[in-house]
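First up is the structure itself, then whatever we jot down about it.
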Amino acid sequence: NAGVTQTPKFRILKIGQSMTLQCTQDMNHNYMYWYRQDPGMGLKLIYYSVGAGITDKGEVPNGYNVSRSTTEDFPLRLELAAPSQTSVYFCASSQGGGNYGYTFGSGTRLTVV
Amino acid sequence: GQQVMQIPQYQHVQEGEDFTTYCNSSTTLSNIQWYKQRPGGHPVFLIQLVKSGEVKKQKRLTFQFGEAKKNSSLHITATQTTDVGTYFCGGGGSNYKLTFGKGTLLTVNP
């Protein structure tokens, strides 16, 4: 099993550009999450989903959008990139929300210049 | 909302010394999970504790869940260079998501 796959691994964006960070899991998990990690700041929840067609905001949703059309895929969209969005982005999935361990993807390192 | 505080933020030890990181929640948790993130890597699930007062061991790592289910600790005996990384706790309160502490960065001097 591949687990949670994130693409791309690295990306440099110019201010104002848009992009989609891809996340796919092959474990049939209902719960999926997007986090950003800044140095020394831990993991901040951007958006999460409890199943196909259902998404909800986390702590820091501004500037981002998500969709969940299938169980497997949970893409994160940045519409107008800003330098404040420079970060490492992790996608994670779980069999049972906060009551089961998370499986994280390997991350996307994004730089906005 | 639920908050999980983790201390210390950084810990530097000599190889062979012990290491402990602590998590404290503002609310009672349904479970606590621990993760390890190697430098440049992604968080990897280590263990989950569910019961009040639970203690679990993985080789040199000992995990404890407090009696009130509001605090937890991870203790590493005789650290090795392979233990280097950031250790996160994640508290389960709602059914949907964990609340993570900010992590403790452990560095080990060989």
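The values are calculated or read from the model by the stated rules, or taken from the named source; none is laboratory data. Only a predicted model underlies this, so the values are computations on that prediction, with no experimental measurement involved. Note: ideal-geometry Cβ built from the backbone for every residue, glycine included; neighbour counts use all protein chains shown. The accessibility values were calculated without ligands, DNA or RNA, using every heavy atom of the protein model including side chains. Shrake-Rupley method; radii C 1.70, N 1.55, O 1.52, S 1.80 Å.
Find out how many positive minus negative residues lie around B:Gly16, taking Lys and Arg as positive, Asp and Glu as negative, among other residues whose Cβ is under 12 Å from that of B:Gly16.
-3
With a 1.4 Å probe on protein heavy atoms only, work out how much accessible surface A and B bury together, total over both chains, in Å² to the nearest 100.
1700
Express the relative contact order of chain A as a whole percentage, based on alpha carbon pairs under 8 Å and six or more residues apart in sequence.
RCO, chain A: 36 percent.
Hey, what does the equivalent ellipsoid look like for chain A, semi-axes from the Cα gyration tensor as sqrt of 5 times each eigenvalue, largest first, whole Å? Intermediate values should be presented prior to the final figure.
Numbers: eigenvalues 99, 37, 35 Å².
Each semi-axis is the square root of five times an eigenvalue, giving 22, 14, 13 Å.
Got a sec? Which residues of region A:71-113 lose 20 Å² or more of accessible surface with every protein chain in place, vs. that chain alone, 1.4 Å probe?
Residues losing area: A:Phe90, A:Gly98, A:Asn99, A:Gly101, A:Tyr102, A:Phe104, A:Ser106.
How long are the semi-axes of the ellipsoid equivalent to the protein assembly as shown, from square roots of 5 times the Cα gyration tensor eigenvalues, in whole Å, largest first?
Calculated on Cα positions only, the semi-axes equal 30, 21, 15 Å.
Which one, A:Val88, A:Thr70, A:Tyr48, projects farthest toward the positive side of the charge dipole computed for region A:4-97 from Cβ point charges (K/R +1, D/E -1)?
Result: A:Val88, furthest along the dipole toward the positive end.
Tell me the Kirkwood hydrodynamic radius of chain B in angstroms, computed as one over the mean inverse distance between distinct C-alpha pairs. Before the final figure, lay out the partial values.
Values: mean 1/r = 0.0723 Å⁻¹.
Result for chain B, one decimal place: 13.8 Å.
Check the straight Cα-Cα distances from A:Lys14 and name the lysines below 25 Å, setting aside those fewer than 8 residues away within the same chain.
Result set, ordered by chain and number: A:Lys44.
With a 1.4 Å probe and all protein chains left in place, how much accessible area per residue does the protein assembly as shown have, in Å²? Walk me through the numbers before you get to the answer.
Values: 10530 Å² over 223 residues.
Ligands and nucleic acids excluded, the figure is 47 Å² per residue.
Pick from A:Asn65, A:Asn99, A:Asn30: which residue has the top mean-square fluctuation in a GNM of chain A where Cα pairs under 10 Å get a spring?
A:Asn99
Rounded to a whole number, what is D in µm²/s for region B:11-74 from Stokes-Einstein with the Kirkwood radius over alpha-carbon pairs (10 °C, 1.306 mPa s)?
D, rounded to a whole number, is 124 µm²/s.
Could you size up the charge dipole of region A:4-97 around its Cα centre, putting +1 on the beta carbon of Lys and Arg and -1 on that of Asp and Glu, and report it in debye to the nearest 20?
It comes to approximately 260 debye.
Within straight cross-link reach of B:Lys59, meaning Cα distance under 23 Å, which lysines are found once same-chain residues fewer than 8 apart are removed?
Of all the lysines, those that pass the test against B:Lys59 - Cα under 23 Å, at least 8 places apart if same chain - are B:Lys36, B:Lys51.
In whole angstrom, how far apart do the alpha carbon centroids of region B:1-79 and region A:47-108 sit?
Their Cα centres are 24 Å away from one another.
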